[in-house]
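Q: Please see the structure below; I have some questions.
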Protein chains: 2
Amino acid sequence: MRVRLEDVARAAGVSPKTVSRVLNDEANVRGPTREKVLAAMAAMDYRPHPSARSLAANRSFLVATVYDNPSSNYLTEIQTGVLDACDEHHYSMMVRPLHVESADFVERIDTLISHHRPDGLLLTPPITDHPQLLARLHELDVPYASVSPMNRSGSIGAFIDEPKAAREVVGHLLGLGHRRIAHVTGHPSHGATGWRLTGYREALSAAGIPFDPALVVEGDFSFSAGVAAARQLFSLSDRPTAVFAANDDMAAGVIWAAGEHGLSVPRDVSVVGFDDTPISRQIWPTLTTIRQPSREMGRIAALELLAALRGKGEGRMVQLPYALQVRESTAPVG
Amino acid sequence: MRVRLEDVARAAGVSPKTVSRVLNDEANVRGPTREKVLAAMAAMDYRPHPSARSLAANRSFLVATVYDNPSSNYLTEIQTGVLDACDEHHYSMMVRPLHVESADFVERIDTLISHHRPDGLLLTPPITDHPQLLARLHELDVPYASVSPMNRSGSIGAFIDEPKAAREVVGHLLGLGHRRIAHVTGHPSHGATGWRLTGYREALSAAGIPFDPALVVEGDFSFSAGVAAARQLFSLSDRPTAVFAANDDMAAGVIWAAGEHGLSVPRDVSVVGFDDTPISRQIWPTLTTIRQPSREMGRIAALELLAALRGKGEGRMVQLPYALQVRESTAPVG
DNA sequence: GCAGGCGATGACAGCGCTGTCAATTGGCAC
DNA sequence: GTGCCAATTGACAGCGCTGTCATCGCCTGC
């Protein structure tokens, strides 16, 4: 039989309730008492029984990470960060893939909640921006944190300054002397799409370059969308000398299409992406891009959620730094 | 307050224990009684409280998926499959990334087990092949299932016939008239590495082609290893007309290196990979490869594990079908 | 030195379910 | 119709912990 809280109490010469207080880091335990209990717990290698704790405390010590189809690299990073945070506070994490477009999306989250009773949810884009879901969560009074939500007000989570990052990567191209810079946008339903377009326009505007709608092509974050957009752009009589694709997959598609058109990257055309996914290092030339600290974003968002759950503060919306990764796909304008 | 088992019992006019029996699908409940209970449960939208169940039954209804660094695509697929299986039987799943090389690897699994008390583990390569871990799991009497383990005997899980798949993809090259076929191996610590090499040798042997050690280069499953191996192979005076890389990332590296050497794929050299990861469709030319049903492998392995946990059978080691995906990176020998 | 007040600790019940074992029922042979 | 056995059902305790509230002890101020 395992070591139980009662055993620790006996060994420490206190009541079970006092051990419980120490375990849960509650106030009103005298220093020496706490020490005694901690020593006994360590000596006996005590581990609280999660189910017993949950049952008695009416909390699950469980956080659910909910996602729909982000790239698996991104997801794995976020997931790892959330796990980091959960481990720090002895919470568990479960994962739940869902289809945000499906009719029963909100209902499925209801089911998730009533089955597993997570103490809080961690949402990833685009689930962060589903109004009915957020309304339902408020209704059920289930706390949640969001990674890169479209609307940050009133919620807790983590984000980077996307427009600024986009300005910076476009600024890098401007600094190399490029003036005809095209942009391939992301999927219209993602917040990132708008932010990156905004950053692109702001950077051009700050450099005194007029906005040319012919240089902006709608994509959807996929490799093939990058190919299609690039075919269109490279067929223009006055073709761009640089392309800012709203993510790395599309940038890879642009680079492929460049080869198809007999254009060499970066000699004839510079290409930049966004996200710093592994593909940015797996293609040739390697891709200049923006690195998001995805794992850290998952971790921080989860930590803020846990802080709120544990009643240590309200939970904040935290801004994290990004970093421009200059690689081989960009060069001075020829 | 939520609906409890007691409420259902009252509504159905039976004792709580009988409801429990129906809930747990136990024998010795008469048909009509079962119906009555099921009807009451449905009418009241009853959900058992997981913690209460775990506490009383001394089982967690939890499976832990343990992994070290597989590619995130592979991991996500496996994870989704395991979740599919867990959902089918109202189990939960947790995930746990670990470093198999670290000194405290087994200890960390011990900690995982004593903290979260999963009823079983789901192992992915290369964790499937860690003798001390497996020994420890037997010692602790914790059931586990393995996906693609090196040693299948006596364990439960899912696998594909890797040597046969390798024979098939090499056979595809042979069918295109290739005779000088090189092989870039995987990381020596992975079972797949040996199987794929074996399949390669068997295919050549069956075609009456002598084995040439100069055409086999050791890699490690990474893009850059593919590049390095290909540089070596393409510098041979009698260079190969086709390359079988032990996974897609290395195949992508081979294709890149071909460009570097002024070789066109597939005109001058055919390249095949293994795994059918997204990169096989994101590069140009798209990659001929072997598709593993990873999600299904996760699902089936988990189902077998659950069957064993629930006492419905012993749990089997199940073979699943693979499929050769012919794409653009292979062509008849020039 | 003593009342008053607050911080620290403990007693106790019970969270929602299942294991054990006892009680009851139904079915069948005769 | 009766007796017997197995199948079915129920009573009860308790899984390991925490919430609530009562109690205890110590320090403060006069």
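The values are calculated or read from the model by the stated rules, or taken from the named source; none is laboratory data. Bear in mind the structure is a predicted one, so any value in this text is a computation, not a measurement. A quick note on method: Cβ atoms are made from the backbone with ideal geometry, for glycine too, and the neighbour counts reach across all protein chains shown. These area figures cover heavy atoms from the full protein model, side chains too; ligands, DNA and RNA do not enter into them. Shrake-Rupley method; radii C 1.70, N 1.55, O 1.52, S 1.80 Å.
Q: Among the candidates A:A302, A:A252, which residue alone is buried (at least 24 other Cβ atoms within 10 Å of the Cβ) and outside the structural domain of A:T198 (by TED's automatic domain parsing)?
A: Working: A:A252 fails: outside the structural domain of A:T198 (by TED's automatic domain parsing).
From the options A:A302, A:A252, the qualifying one is A:A302.
Q: Ok, one more. Collect the residues in the stretch B:111-125 that are open to solvent by 20 Å² or more (accessible area, probe 1.4 Å) and assigned to a loop (DSSP other than H, G, I, E, B), keeping them in residue-number order.
A: Hits for the stretch B:111-125 are B:R117, B:D119, B:P125.
Q: Oh, and also: Taking the stretch B:166-193 only, how many residues are touching a residue at least 12 places away in the same chain (Cβ under 8 Å) and either outside the structural domain of B:M250 (by TED's automatic domain parsing) or of a type outside the set (A, V, I, L, M) (or both)?
A: Result for the stretch B:166-193: 17.
Q: For the stretch A:62-86, name all the residues that are at pLDDT below 95 and in contact with a strand residue (DSSP E or B) (Cβ under 9 Å, 6 or more places away or on another chain).
A: A:D68, A:N69, A:S71, A:N73, A:Y74, A:L75, A:T76
Q: If you take the residues in the stretch A:18-40 that are closer than 21 Å to A:C86 by Cα and surrounded by 15 or more Cβ atoms within 10 Å (Cβ to Cβ), which one is nearest to DNA strand C (Cβ to nearest atom)?
A: Of everything passing the filter in the stretch A:18-40, A:R21 is nearest to DNA strand C (Cβ to nearest atom).
Q: Only one of these conditions is not met by A:R2: (1) part of a helix (DSSP H, G or I); (2) more than 10 Å from DNA strand C (Cβ to nearest atom); (3) open to solvent by 60 Å² or more (accessible area, probe 1.4 Å); (4) within 14 Å of chain B (Cβ to nearest Cβ). Which number is it?
A: The failed condition is (1).
Q: Would you pick out the residues in the stretch B:23-54 that are aliphatic (A, V, I, L, M) and closer than 24 Å to A:D110 by Cα? I'd like the intermediate steps shown before the answer.
A: Here is the first cut: in the stretch B:23-54, the residues aliphatic (A, V, I, L, M) are B:23, B:27, B:29, B:37-44, B:52.
Residues satisfying the conditions are B:L23, B:V37, B:L38, B:A39, B:A40, B:M41, B:A42, B:A43, B:M44, B:A52.
Q: Still on this model: Can you report the number of residues in the stretch A:5-26 which are within 12 Å of DNA strand D (Cβ to nearest atom) and outside any helix (DSSP H, G or I)?
A: Number of matching residues: 5.
Q: So which of A:S15, A:S60, A:S72, A:S51 ends up being within 14 Å of chain B (Cβ to nearest Cβ), within 16 Å of DNA strand C (Cβ to nearest atom) and without any contact (Cβ under 8 Å) to a residue 12 or more places away in the chain?
A: Selected residue: A:S51, the only one of A:S15, A:S60, A:S72, A:S51 that is within 14 Å of chain B (Cβ to nearest Cβ), within 16 Å of DNA strand C (Cβ to nearest atom) and without any contact (Cβ under 8 Å) to a residue 12 or more places away in the chain.
Q: So which of B:E260, B:E328, B:E314 is open to solvent by 20 Å² or more (accessible area, probe 1.4 Å) and within 25 Å of the chain's Cα centre (by Cα)?
A: None of the other options fit; the residue is B:E314.
Q: Answer with yes or no whether B:Y91 is farther than 30 Å from B:D220 by Cα, within 22 Å of the chain's Cα centre (by Cα) and either polar (S, T, N, Q) or more than 10 Å from DNA strand C (Cβ to nearest atom) (or both).
A: Yes: the conditions hold for B:Y91.
Q: If I filter the stretch A:42-60 down to residues being surrounded by 12 or more Cβ atoms within 10 Å (Cβ to Cβ) and not in a helix (DSSP H, G or I), which single residue comes out as farthest from DNA strand D (Cβ to nearest atom)?
A: Per the stated criteria, the residue is A:S60.
Q: Continuing with this model, one more query. For the list (1) in contact with a Phe, Trp or Tyr (Cβ under 8 Å, 6 or more places away or on another chain); (2) surrounded by 16 or more Cβ atoms within 10 Å (Cβ to Cβ), I need the number of the one condition that A:H90 fails.
A: Result: A:H90 fails condition (2) only.
Q: Go through the stretch B:181-204 and give me each residue that's in a loop (DSSP other than H, G, I, E, B) and among the aliphatic types (A, V, I, L, M). If you could, list the steps in order and put the result at the bottom.
A: Kept after step one, since they are in a loop (DSSP other than H, G, I, E, B), are these residues of the stretch B:181-204: B:185-190.
Across the stretch B:181-204, there are no qualifying residues.
Q: So which of A:H178, A:H99, A:H130, A:H172 ends up being of a type outside the set (A, V, I, L, M, F, W, C) and surrounded by fewer than 16 Cβ atoms within 10 Å (Cβ to Cβ)?
A: Of the residues listed, the single one that is of a type outside the set (A, V, I, L, M, F, W, C) and surrounded by fewer than 16 Cβ atoms within 10 Å (Cβ to Cβ) is A:H99.
Q: Collect the residues in the stretch B:210-257 that are away from chain A (no Cβ under 14 Å) and hydroxyl-bearing (S, T, Y), keeping them in residue-number order.
A: B:S235, B:S237, B:T241
Q: Among the candidates B:R167, B:R108, B:R152, single out the residue that is of a type in the set (K, R), farther than 26 Å from A:N69 by Cα and assigned to a loop (DSSP other than H, G, I, E, B).
A: When all the criteria are applied, what remains is B:R152.
Q: May I ask you to list the residues in the stretch A:61-84 that are away from DNA strand D (no atom under 16 Å from the Cβ) and either in a strand (DSSP E or B) or in the same structural domain as A:A192 (by TED's automatic domain parsing) (or both)? Break it down stepwise before answering.
A: In the first step, residues of the stretch A:61-84 are kept if they are away from DNA strand D (no atom under 16 Å from the Cβ); the result is A:63-84.
Within the stretch A:61-84, A:V63, A:A64, A:T65, A:V66, A:Y67 meet the criteria.
Listed here are the residues, each with its yes/no results for (1) within 26 Å of B:P50 (Cβ to Cβ); (2) under 32 Å from the mean Cα position of the chain (by Cα); (3) not charged (D, E, K, R).
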position	(1), (2), (3)
A:N28	no, no, yes
A:A40	no, no, yes
A:M44	no, no, yes
A:A52	yes, no, yes
A:R59	yes, yes, no
A:E77	no, yes, no
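Q: I'm told A:M44 meets every condition in (1) under 30 Å from B:R2 (Cβ atoms); (2) more than 12 Å from DNA strand C (Cβ to nearest atom) except one. Can you identify the failing condition by its number?
A: (1)
Q: Shifting gears a bit: May I ask you to list the residues in the stretch B:83-134 that are within 14 Å of chain A (Cβ to nearest Cβ) and among the polar types (S, T, N, Q)?
A: Correct list: B:S92, B:T111, B:S114, B:T124.
Q: Next question. Here are the criteria: (1) within 26 Å of A:A307 (Cβ to Cβ); (2) in contact with a helix residue (DSSP H, G or I) (Cβ under 6 Å, 6 or more places away or on another chain); (3) open to solvent by less than 40 Å² (accessible area, probe 1.4 Å). Tell me which single one A:A12 does not satisfy.
A: All conditions pass for A:A12, except number (1).
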